[in-house]
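Peer 1: There's a structure below that I have some questions on.
Every read-out reported here was derived from the displayed coordinates using simple, explicitly stated rules and does not represent laboratory data. Note that the structure is a prediction, hence the values are computed from the model and not measured. Heads up, the Cβs are rebuilt from the backbone with ideal geometry, glycines too, and the neighbour counts pull from every protein chain shown.
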Amino acid sequence: MCSDVYEAASAVPEADYDIVYTSTGALDWLPDVRKWAEAAASLVAPGGFLYLAEFHPFTHVLGDHSGTAIEHGYFRPGPVVEDLPGTYADFNAPTVHNLSYEWMHTLGDIVSAVAAAGLRLEFLHEHDMTLFQRVSELNEGADGYWRMPEGRPRLPLMFSLKASRSRVRSRPGKAPGYGPAT
Ligand SMILES: C[S@@+](CC[C@H](N)C(=O)[O-])C[C@H]1O[C@@H](n2cnc3c(N)ncnc32)[C@H](O)[C@@H]1O
């Protein structure tokens, strides 16, 4: 099925699910991370969980393919607008309509959005490997993942998060942890 993720609840056949999964590269394409968390959390059944695997927001400070020098700020509200050929699936693909918009949500924004949506954080794991050559220094291992070479500083390149709903669903509007941002 295909749907705007913000409207996922009305697109899927069941009211809720034991596991709700958001995969890599999804959050940067969404302007509103709180709205994503609310949509995802609304589909988690009592006793179920949300699992998110994502590229680590720390990597947003690095240049696109130029190395590990810090080129961008970590805190970048508003969209990052680019007009470059190629796609994330094939950097060298000849493409025509190249204007793109991405939102660099911080790790704090993401975790806080999940908590605000009423889920309980089970773990937040940070990983020193990623799925592609995010910067030129990375080497591909025998396992197919990309890491910094031996002897170089290990950087957080991905993270994974598990957040669960208690077995008793809270009443709408009374989700635990929901309140003014601090
Ligand atoms: C970088 S891709 C990642 C796709 C996939 N997770 C992967 O690893 O190949 C981001 C995807 O988010 C989709 N997307 C962007 N905004 C969306 C929205 N509002 N609702 C649903 N999907 C959306 C895009 O169509 C695109 O397929």
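Peer 1: Return yes when Thr95 is in a loop (DSSP other than H, G, I, E, B), among the polar types (S, T, N, Q), more than 16 Å from the ligand (Cβ to nearest atom) and more than 26 Å from Ala163 (Cα to Cα) and no when it is not.
Peer 2: Answer is no for this residue.
Peer 1: Condition first: surrounded by 13 or more Cβ atoms within 10 Å (Cβ to Cβ), polar (S, T, N, Q) and within 14 Å of the ligand (Cβ to nearest atom). Can you find one or more residues in segment 16-24 that meet it?
Peer 2: Checking segment 16-24: at least one residue is surrounded by 13 or more Cβ atoms within 10 Å (Cβ to Cβ), polar (S, T, N, Q) and within 14 Å of the ligand (Cβ to nearest atom).
Peer 1: Which condition breaks for Glu54 when tested against (1) more than 21 Å from Glu126 (Cβ to Cβ); (2) touching a Leu at 6+ places or on another chain (Cβ under 7 Å)?
Peer 2: Here Glu54 clears every test but (1).
Peer 1: Quick one: in segment 114-164, which of the residues that are in a strand (DSSP E or B) and aromatic (Phe, Trp, Tyr) is farthest from Tyr51 (Cα to Cα)?
Peer 2: Checked segment 114-164; the qualifying residue farthest from Tyr51 (Cα to Cα) is Trp146.
Peer 1: Might you let me know whether segment 96-111 holds any residue that is surrounded by 12 or more Cβ atoms within 10 Å (Cβ to Cβ), more than 15 Å from the chain's Cα centre (by Cα) and over 17 Å from Glu38 (Cα atoms)?
Peer 2: Scanning segment 96-111, I find at least one residue that is surrounded by 12 or more Cβ atoms within 10 Å (Cβ to Cβ), more than 15 Å from the chain's Cα centre (by Cα) and over 17 Å from Glu38 (Cα atoms), so the answer is yes.
Peer 1: Looking at segment 1-15, which of the residues that are exposed (fewer than 14 other Cβ atoms within 10 Å of the Cβ), more than 9 Å from the ligand (Cβ to nearest atom) and small (Gly, Ala, Ser) is nearest to Arg134 (Cα to Cα)?
Peer 2: Going through the qualifying residues, I end up with Ala11.
Peer 1: Which residues, counting only those in segment 98-130, are within 16 Å of the ligand (Cβ to nearest atom) and touching a strand residue (DSSP E or B) at 6+ places or on another chain (Cβ under 7 Å)?
Peer 2: Asn98, Leu99, Ser100, Tyr101, Glu102, Trp103, Met104, His127, Met129, Thr130
Peer 1: Still on this structure, please answer the following. When you go through Asp128, Asp143 one by one, which is the residue that is surrounded by 14 or more Cβ atoms within 10 Å (Cβ to Cβ) and either over 21 Å from Arg167 (Cα atoms) or without any contact (Cβ under 8 Å) to a residue 12 or more places away in the chain (or both)?
Peer 2: Asp128
Peer 1: While we're on this one: Give segment 74-92 a look and list any residue that's within 14 Å of the ligand (Cβ to nearest atom) and either surrounded by 10 or more Cβ atoms within 10 Å (Cβ to Cβ) or assigned to a loop (DSSP other than H, G, I, E, B) (or both), or say none.
Peer 2: Matches in segment 74-92: Pro79, Val80, Glu82, Gly86, Thr87, Tyr88, Ala89, Phe91.
Peer 1: Also: Return the only residue of Ala45, Ala41 being part of a helix (DSSP H, G or I), more than 13 Å from the ligand (Cβ to nearest atom) and within 20 Å of Ala115 (Cα to Cα).
Peer 2: Ala41
Peer 1: So, one more: Do you know which residues across segment 48-73 are under 16 Å from the mean Cα position of the chain (by Cα) and either assigned to a loop (DSSP other than H, G, I, E, B) or charged (D, E, K, R) (or both)?
Peer 2: Answer for segment 48-73, where residues must be under 16 Å from the mean Cα position of the chain (by Cα) and either assigned to a loop (DSSP other than H, G, I, E, B) or charged (D, E, K, R) (or both): Glu54, His56.
Peer 1: Now for a separate question. Please go through segment 28-38 and give me each residue that is in contact with a helix residue (DSSP H, G or I) (Cβ under 7 Å, 6 or more places away or on another chain) and either closer than 20 Å to Glu14 by Cα or more than 9 Å from the ligand (Cβ to nearest atom) (or both), ordered by number.
Peer 2: Val33, Arg34, Lys35, Trp36, Ala37
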